[in-house]
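These notes concern the structure reproduced below.
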Amino acid sequence: MKKITLLIHLCGSILLTFFLLESSLRLFPGLVPLPLLIYFNEDLRTEIASLRNLPTKWGTEIVERDDRGPELRIFKPFTKIAWPVQENVTVVMDQLGFCNPIESNYQVPKIDIITLGDSFTTCHAVAPQDTWTSKLASLTGLSAYNLGRGGTGIQEYLQLLKKYGLAKSPRFVIMNIYEGNDLRDAGIYYYYRKNFQPTENQPMPSPSASFYTFFNHSYSYNLVNSFWKFFRHASDAPAKSDRNPFTISLEDNRINFKYHLVFADKTISFNPQNSDTDEVVVAKYLRNQQIEAGIFTAIEEALVTFVELSKEHHFVPIVTYTPATHTAYESKVVFENSDLSELMSWFSHQQRAYFQKKGTELGYTFIDLTPALQAGAKTNSSENLLYYRKDLHLTSDGHTVIAQVISQLLHDILKN
C-alpha cells in the first residue's frame, strides 16, 4: 500500500512539474535557449521564433527566378525582426521586405544607387539607417536603395537586381562580395543546378497517433528532447556528401574557429559559439584544389551577366569586397588553432586577387575594402569594434568605414 501511495505521489509530482514547466515556457518563450530552439519540432520552432520576432521561413515570400537556382526568399513587407545575437536591435523591413529606412520610397521612378549583397549589406543587427547603403546616401546626396538579403550569394544578387533594381534606372549598382561565404554560396548554387531532379509534390505525412502529436507539440517535451539532441550533435553530424563536398562532415564540425583580438588595454574573445566553420572548410578545399571548376565558371558567368546588364541598362557596375573579421583585424588576431592563421590569410588573398583580376578582364570597377577596414581596425579602440564579437557581422562603425570608401569613389567618378 505504501509503495502504491509513493508511486501516486511520484507521478503527481512529475505531472505537476511538467505542467509548471509547460505553462512557464508558453508564457515566456524567451526562456528557450536559442542553441536548443533549432532542435524543436518545426511547427513549434516557428511558433516560438515568431513570438520572439526571430527570422523564420513563414515571415518570407518566394521570389521567382529565371536561372533554375535554389529557392529564393525575401522578407514579407514590414516584417519585424529581432536579431538573436544582438537582441537589443529590432528592425522593421520596408514595403518590399528589404532593409531601408521607413522614409525610403521605392515607388519613385528613379533611384541613383542600388546595392546588392548578403547579411553584410542588409541590416543584420543594425538599424536600417546604420547600413553602409543608407550612410552612402547621406554622404553623397544621392538616393540609394538596399536590396541586400542575408543568406544569399552572387547568383541571388543578380536575381534581386533583375526583379527590383533595374526598373529604377540606377546610375550605380554596387554588388558587395563577402569573404566568408560567397564562394560557399556559389557552390550551393552550382551543386543545386548540377544535381537538380524535378519531382512531383508529395503530401506531407501526418502522424496518426494523437499521443505522438501531443508530445511533439509540447514545449516541455521539445526542451528535454533538444537537450539530448544538442549534446549528441557532434556524433550526429551529417556525413560528407559525394554530391556536394561543401556539406559539413563530422571532422569539419569539430574545427576550432574561435579567436581573440589583442588590444593594448584588453583581449576580446571572438566567435565564442564557434560558428562559420564552413568558412574554414571551403578554405581547405580551395587550398587542396578540391573545388570543382564549375563553381568558378558559375561565378564568372554571374559577373559577365552583371557587366552585360550594366551596358544594357546604362549603370556603372561596381563590385566591392568585404573581408571577414579575422582579416580586418589581421594585426590583432590570435587563433586558438594557430594553423588557421596562415590558411585564412591565404584564403582572403586568393579571393581578392580573383575579383580584382575579373574586374580588369570583364570591365567592372573593383573596390577591395580590406585596406580601409584594416586601417580602421588599427585606429579604433576596443570600445569601437567594426564587427560584433559573437556573430562576426559589421557594427554601425564597420558600415561607416565602407560607406566612406565607396562615397569617395563615387565622388571621383561624378567629378570626372
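May I ask you to verify whether Asn380 is under 16 Å from Glu330 (Cα atoms) and at pLDDT below 95?
Against the criterion (under 16 Å from Glu330 (Cα atoms) and at pLDDT below 95), Asn380 qualifies.
Return the residue satisfying two criteria in turn: it lies in segment 136-157 and is part of a helix (DSSP H, G or I) and within 17 Å of the chain's Cα centre (by Cα), and of such residues it is surrounded by the most Cβ atoms within 10 Å (Cβ to Cβ).
Only one residue fits best here, namely Tyr157.
Which pairs have Cβ atoms under 8 Å, sit 6 or more apart or on different chains, and link a residue in segment 322-348 that is without any contact (Cβ under 8 Å) to a residue 40 or more places away in the chain to one that is crowded, with 22+ Cβ neighbours inside 10 Å and not acidic (Asp, Glu)?
Pairs found: Ser345/Thr327.
Does segment 356-367 include one or more residues that are acidic (Asp, Glu), closer than 25 Å to Ala264 by Cβ and over 22 Å from the mean Cα position of the chain (by Cα)?
The answer is no, given that none of the residues of segment 356-367 is acidic (Asp, Glu), closer than 25 Å to Ala264 by Cβ and over 22 Å from the mean Cα position of the chain (by Cα).
Can you tell me which residues in segment 286-338 are hydroxyl-bearing (Ser, Thr, Tyr) and under 30 Å from Phe263 (Cα atoms)?
Answer for segment 286-338, where residues must be hydroxyl-bearing (Ser, Thr, Tyr) and under 30 Å from Phe263 (Cα atoms): Thr320, Tyr321, Thr322, Thr325, Thr327, Tyr329, Ser331, Ser338.
Please go through segment 121-133 and give me each residue that is polar (S, T, N, Q) and either surrounded by fewer than 24 Cβ atoms within 10 Å (Cβ to Cβ) or in a loop (DSSP other than H, G, I, E, B) (or both), ordered by number.
Thr121, Thr122, Gln129, Thr131
Among the residues of segment 265-287, which ones are part of a loop (DSSP other than H, G, I, E, B) and either touching a residue at least 40 places away in the same chain (Cβ under 8 Å) or surrounded by 14 or more Cβ atoms within 10 Å (Cβ to Cβ) (or both)?
Once the filter is applied, which keeps residues that are part of a loop (DSSP other than H, G, I, E, B) and either touching a residue at least 40 places away in the same chain (Cβ under 8 Å) or surrounded by 14 or more Cβ atoms within 10 Å (Cβ to Cβ) (or both), segment 265-287 yields Asp265, Lys266, Asn271, Pro272, Gln273, Ser275, Asp276.
Could you list all residues from segment 308-337 that are over 21 Å from the mean Cα position of the chain (by Cα), closer than 22 Å to Ser382 by Cβ and of a type in the set (Ser, Thr, Tyr)?
Answer for segment 308-337, where residues must be over 21 Å from the mean Cα position of the chain (by Cα), closer than 22 Å to Ser382 by Cβ and of a type in the set (Ser, Thr, Tyr): just Ser331.
Please state which one of Ala353, Ala298 is touching a residue at least 24 places away in the same chain (Cβ under 8 Å), assigned to a helix (DSSP H, G or I), over 22 Å from His124 (Cα atoms) and not aromatic (Phe, Trp, Tyr).
Of Ala353, Ala298, the one residue that is touching a residue at least 24 places away in the same chain (Cβ under 8 Å), assigned to a helix (DSSP H, G or I), over 22 Å from His124 (Cα atoms) and not aromatic (Phe, Trp, Tyr) is Ala298.
Only one of (1) of a type outside the set (Ser, Thr, Tyr); (2) farther than 30 Å from Asn384 by Cα; (3) without any contact (Cβ under 8 Å) to a residue 60 or more places away in the chain; (4) in a helix (DSSP H, G or I) is not met by Gln290, so which one is it?
Going through (1) of a type outside the set (Ser, Thr, Tyr); (2) farther than 30 Å from Asn384 by Cα; (3) without any contact (Cβ under 8 Å) to a residue 60 or more places away in the chain; (4) in a helix (DSSP H, G or I) one by one, Gln290 breaks only (4).
Write out, first by first residue and then by second, each pair whose Cβ atoms fall under 8 Å of each other, whose residues are 6+ apart or on separate chains, and whose first residue, in segment 153-166, is at positive phi while the second is charged (D, E, K, R) and surrounded by fewer than 22 Cβ atoms within 10 Å (Cβ to Cβ).
none
Quick one: which strands (runs of 3 or more DSSP E) sit completely within segment 72-112 and have at least 1 residues that are modelled with pLDDT of 90 or more, of a type outside the set (Ser, Thr, Tyr) and farther than 19 Å from Thr133 by Cα?
Ranges flagged: 73-75.
The values are calculated or read from the model by the stated rules, or taken from the named source; none is laboratory data. Bear in mind the structure is a predicted one, so any value in this text is a computation, not a measurement. Don't worry about glycine lacking a Cβ; one is built from the backbone with ideal geometry, like all the others, and counts go over all protein chains shown.
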